[in-house]
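The values are calculated or read from the model by the stated rules, or taken from the named source; none is laboratory data. Predicted model, so just to flag it, every value in this text is computed and none were measured. Here the Cβ positions follow ideal geometry from the backbone for every residue, glycine too, while neighbour counts run over all protein chains shown. Accessible surface areas use protein heavy atoms only, side chains included; no ligands, DNA or RNA. Shrake-Rupley method; radii C 1.70, N 1.55, O 1.52, S 1.80 Å.
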Amino acid sequence: MGESPEQKAKRLREEIERHNYLYYVLDKPEITDEEWDKMFRELLALEAEHPELRTPDSPTQRVGAKPSSKFASHRHIVPMLSLDNAFGFDELGEFDARVRKALGITDESVEYIGEPKFDGLSLSITYENGVLKVASTRGDGEEGEDVTPNARTIRSIPLRLRTEVEGIIEVRGEVLLDRAEFERINASMRDAGAQEFANPRNAAAGTLRQLDPRITASRKLTFWAWGLGAQGSLEFDRQREIVDFLRSAGFRVSEHIRLLNGLDACKAYVEDYTARRRELPFDIDGLVFKVDSIRHQRQLGFTARGPRWAIAYKFAAEQATTKLLGITWQVGRTGTVTPVAELEPVQVGGVTIARATLHNIEDLHRKDVRVGDSVIVQRAGDVIPEVVSPILDKEHSKRPVPTPPEKCPVCETPLVKREAEVALRCPNKTCPAQVAERIVHYVSRSAMDIEGLGEKLVLRLLELGFLEDVSDIYRLKERKGELIELDRMGEQSVSNLLNAIEATKSRPLNRFLFALGIRHVGESLAFSLAKHFSNLDSIRSASYEELLRVPDVGPNTAAEIVEYFQEEENRILIDKLLGLGVQPLPISSAATGENDPIAGKTFVFTGKLEHMTREDAEELVRRLGGTAATSVSKKTDYVVAGPGAGSKEAKAKELSIPILTEDEFLELVPKEAV
Ligand code: IVH
């Protein structure tokens, strides 16, 4: 009744944001999803009809921004500092003593605010007169990366504050993934044959620093506010008022924040949350204690590292006790032989562990663990569990001290130990374990990416004598008939496999270098090498000094690379690969490496392109370090569809693979590369 389109749009925007807040921040929806959808669609329709009503803070603007090719940098108004750590109650006591001394408080206790220490990625969000302007990562503390389009997709970040605030403020907090969402993302990575994330923190970081906001939007990140940088016209007397302000401005603020009177209350809080940390739906790696009085905070000031008025109390790594059932020796790709503890399965930090690393023989002896001992195992924040120490019972000394094998457990070649290295090594480059690991590595997704050739099949082909070294992969086509005869292979899958193998003959140079499995040469270093030298020949003949000029190459790595290309077996292998038609493609100097929208990604082009031929587009992708494939699969990162695209576009939709127009694709390409 009498409502102008403008008024209606405003009303809908406010209503939708209010319901978003109830749903995403307070977890207390007042309407059904259908009702919300109806309102949202109404607003979308209204904005389509009157585009001038589409404001930047409209809830319809949370998704849909186009991917950018890199992040701009953003300078923080107030630098983002770090915190000092305290491990254990003694160090916490020292912190309290320092605070009291500096403030001249002797007989009273200091009031602290205790908070969970979120294990995520810090983000600073700038609001100007209450409207979100920029969201930036921490970076080096002074300058971070502008990730605004991604941050906009996080529903718990208000696009407009719920309270009036004049001037510019920087809201600081942590971006997180719940454990459940982390599991969900990893399961889909697994399905797609992609590398899984090691932990929720890495997954949150990878998601926030995605160049494609649509991917960020598809994963449920949450933002938890813990403080302010620039404060505009705001003034506070107490830290707890900042907490209240953040909550009323529309942010998620932890419900586990407490006001604590003195050191003893802080210790009790630590005890409480050490036991309860698993109750929280996301990971916390400790607790943060902050002096409550802002006047006192000012008096205490800062060190170069962080505030003197706050400390991070770090939890000890999670540990459990179990029985050591045996020690096995594992041979890696480069011949390193490492002891592995075989354990009675036990739960540590929410996951079951049956094996743990013992690092190397010296570590094993220093810790004096023996088969049959009860041992303490831990997961130190991250993934690889390790054995910490044995529990010395009466029987311990009667158990035999484990001895390292003298011969390789796989090929029986006598093991060697290089000077200045603790690792035992199998010097036999043709050791089946090493060969298998090398081939598995060569064909893996981030290396040459041969679809249909996984670890199991590699081992089977080795066993049956189809493979002796990596180059034999390219000879498999000579034995097609025999392959088809193999159990569970069949004509079609063998053809697919052989086609997939042929396709790897023209992979970008960086992938080929990584696939060779040179020690110290990981994906990103392979990229730097490929970019610096532009072709394989110049890398093969590069001297130690020349290699040192490559960004990220240090003395050890340079020496390893020289040694690799000098060794006869490796020279023969590479010549064989080249002789069989492998021709690594040079990558363009315009490719940027890490977080590159094209390098390492797989594109499929379909339909008619306006600005270039399909072949040119594919060549462009390869020069930029990406892969151009012809068929759409779960491994495809993007489908670029022009007019007349048919089944490939349909398949992409079915697999929820992002579909780009030619123009959107060209936006990913650095200008100088076209
Ligand atoms: S307060 C001046 N509170 O931990 C810095 N930080 O290890 C004040 N963090 O850089 C930081 N939870 O990114 C604060 N409740 C919390 C936090 C928290 C996580 C992060 C933050 C900080 C890092 C220090």
Please report, as a whole percent, how much of the solvent-accessible surface of the stretch 1-104 comes from carbon and sulfur atoms (probe radius 1.4 Å).
52
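Tell me, what % of the accessible area of the stretch 151-309 is carbon and sulfur with a 1.4 angstrom probe?
Solvent-exposed carbon and sulfur of the stretch 151-309 make up 47 percent of the total.
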Hydrodynamic radius by Kirkwood, which averages 1/r over all alpha carbon pairs of the stretch 472-533, in angstrom
13.5
Between VAL131 and SER506, what is the FRET efficiency for a Förster distance of 41 Å, r being their Cβ-Cβ separation, to the nearest 0.05?
0.25
Rounding to the nearest 20 debye, state how big the charge dipole of the stretch 1-130 is about its Cα centre with +1 on each Lys and Arg Cβ and -1 on each Asp and Glu Cβ.
660
Could you go through the stretch 625-640 in sequence order and give the Karplus-derived ³J(HN,Hα) for each residue, using 6.51 cos²θ - 1.76 cosθ + 1.60 with θ = phi - 60°, rounded to whole Hz, and x for Gly and Pro?
x, x, 10, 10, 10, 9, 10, 7, 9, 4, 7, 6, 8, 9, 10, 9
How much FRET efficiency would the formula 1/(1 + (r/R0)^6) give for ALA275 and GLU463, where r is the Cβ-Cβ distance and R0 is 45 Å, rounded to 0.05?
0.35
Roughly what would the spin-label model give for ASN202 and GLN492, points 7 Å off Cα along C-beta, in nm?
3.6
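What FRET efficiency do you get for GLU35 and LYS10 if R0 is 22 Å and r is their Cβ-Cβ distance, rounded to the nearest 0.05? Could you put the intermediate results ahead of the total?
On the way: r = 19 Å, r/R0 = 0.86.
Calculated transfer efficiency: 0.70.
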Flagged links, alpha-carbon separation over 23 Å, of LYS601/LYS648; LYS505/LYS608; LYS133/LYS653; LYS531/LYS653; LYS456/LYS635; LYS456/LYS634
LYS505/LYS608; LYS133/LYS653; LYS531/LYS653
Taking the stretch 337-452, how many lysine pairs are there with alpha carbons less than 19 Å apart, if each pair must be eight or more places apart or span two chains?
5
Label-point gap, in nm, between ARG479 and ASP140 - each point 7 angstrom along Cα→Cβ:
5.5
Given N residues in the chain, what is its alpha carbon radius of gyration divided by 2.2 N^0.38 Å?
1.11
With a probe of 1.4 Å, find how much accessible area the stretch 398-463 has per residue, and write the answer as a whole number in Å².
55
Solvent exposure, largest accessible area first (probe 1.4 Å, DNA, RNA and ligands not counted), of LYS417, LYS28
LYS28, LYS417
Stretched out fully, how many nm does the piece from VAL351 to GLN61 gain, at 0.36 nm a residue minus the Cα gap?
100.5 nm
Sequence ranges 254-266, 170-182, ranked by mean other-Cβ count within 10 angstrom, highest first
170-182, 254-266
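I'd like to check one number: the per residue accessible area of the stretch 531-668, probe 1.4 Å, reported in Å² as a whole number.
49
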Over the chain: helical MRE at 222 nm, DSSP H runs n ≥ 4 each giving -39500 (n - 2.57), nearest 500:
-10500 deg cm²/dmol
Model label zone, ARG75; criterion: amide N under 18 Å from point 7 Å along Cα-to-beta-carbon; scope the stretch 130-169:
134-147, 168-169
Calculated diffusion of the stretch 194-303, Stokes-Einstein form, Kirkwood radius summed over Cα pairs, 20 °C and 1.002 mPa s, µm²/s:
127
Sorted by accessible surface (1.4 Å probe, heavy atoms of the protein chains only), largest first, ASP212, ASP140 come out as ASP140, ASP212
Which value, in debye to the nearest 20, describes the size of the charge dipole of the stretch 132-252 about its Cα centre when Lys and Arg Cβ atoms bear +1, Asp and Glu Cβ atoms bear -1, and nothing else is charged?
560
Positive-pole candidate from HIS296, ILE439, PRO427, dipole of the chain, charges at beta carbon:
PRO427
Singleton cysteines, the chain, no second Cys beta-carbon under 4.7 Å -> CYS266
